[in-house]
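Q: Questions regarding the structure given below will be posed in turn.
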Amino acid sequence: MKANIQDEINESTGKYLSQLNECFVPDVRHKIGLLAKRLLKAWTKQQNVYIIGNGGSAANAIHIANDLHYGIGGCGTGAKIAGLRVEALPANQGIITCLGNDIGYHNIFSHQLCVKGQHGDVLIALSGSGNSQNIVNAIKKAKEIDMDTFAILGFEGGRCKEIVDVAIHFGVSDMQIAEDTQLITGHLCMQWLNRNKPTDSARLLKGLGR
């Protein structure tokens, strides 16, 4: 019985990892490159980056924001410099519960962008289905503000795929793999940015202690 269980686990693991690897087709890798380069521009120009998502995607948004805030500039070799001006909009429970209670959950991100977002900032939306109304509303609001919009999507891409500037679409019908692709995309951008730190802005070159 134990051998059969282990065989099943091995088979399941192999299928999962194979499906995850197959998600990163050339078009997806190209669009990840577009995101990485746009983040470098935001880093150099001191523009703000906002990341949004629900559930597991909200947790991934917070994780990626941490990597972009500190990891890209404070980790690895080379000079220790300040990272991106980045914020995960699901992170503040007081704001989320206030907006959800007062003006509806579908407005919890778009309202924050009304207050904080500016022309030239960047929005990164994380969504499995691409159909969450609060994500769709946030992308629309970001475009009204003239922000650059990116989305990391699974399944069919949903409405987000139709309205976002750059859709990094992983056509996989598995929510766990879709969420994995979000974090992997974030880590790919993080490592590339860490190797390509801006050096032409004295304002960025701030010593960081350990």
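Q: Cα extents of the range 26-195 along the three principal axes, largest first, in whole Å?
A: Reported extents, whole Å, longest axis first: 46, 34, 26.
Q: May I pose another question? If packing is taken as the mean number of other Cβ atoms within 10 Å per residue, what is the order of 74-83, 186-195, highest first? Spell out each step's value before the answer.
A: Details: 74-83: 15.2, 186-195: 18.4.
Packing order, densest peptide first, comes out as 186-195, 74-83.
Q: Measure up LYS15/LYS161; LYS116/LYS197; LYS80/LYS116; LYS15/LYS37; LYS41/LYS80 against 24 Å on the Cα-Cα distance and list the ones that go over. It would help to have the intermediate numbers written out before the result.
A: Details: LYS15/LYS161 27 Å; LYS116/LYS197 26 Å; LYS80/LYS116 27 Å; LYS15/LYS37 32 Å; LYS41/LYS80 18 Å.
Beyond 24 Å between Cα atoms: LYS15/LYS161; LYS116/LYS197; LYS80/LYS116; LYS15/LYS37.
Q: Moving on. Rank these for me by crowding, TYR70, TYR50, going from fewest to most other beta carbons within 10 Å. Could you put the intermediate results ahead of the total?
A: Numbers: TYR70 16, TYR50 24.
Going from sparsest to densest Cβ surroundings: TYR70, TYR50.
Q: Taking the Cα centre as origin and putting +1 on Lys and Arg beta-carbons and -1 on Asp and Glu beta-carbons, what dipole magnitude results for the chain, to the nearest 20 debye? Provide the component values of the computation, followed by the final result.
A: Values: 21 positive and 19 negative charges, 209 e Å.
Its charge dipole is roughly 1000 debye.
Q: Which FRET efficiency value, to the nearest 0.05, do you get for ILE5 and HIS30 by plugging their Cβ-Cβ distance into 1/(1 + (r/R0)^6) with R0 = 41 Å? Could you put the intermediate results ahead of the total?
A: Working: r = 41 Å, r/R0 = 1.00.
That pair, ILE5 with HIS30, gives E of 0.50.
Q: Out of CYS114, LEU153, GLY55, whose Cα points farthest toward the positive end of the dipole of the range 26-195 (charges: +1 Lys, Arg; -1 Asp, Glu; placed on Cβ)?
A: Toward the positive end, the furthest listed residue is CYS114.
Bear in mind these aren't lab numbers, they're just calculated from the coordinates by the rules spelled out. Computed from a predicted model, the values in this text were never measured in an experiment. For neighbour counting, all protein chains shown are included, and Cβ atoms are generated from backbone atoms with ideal geometry for every residue, glycine included.
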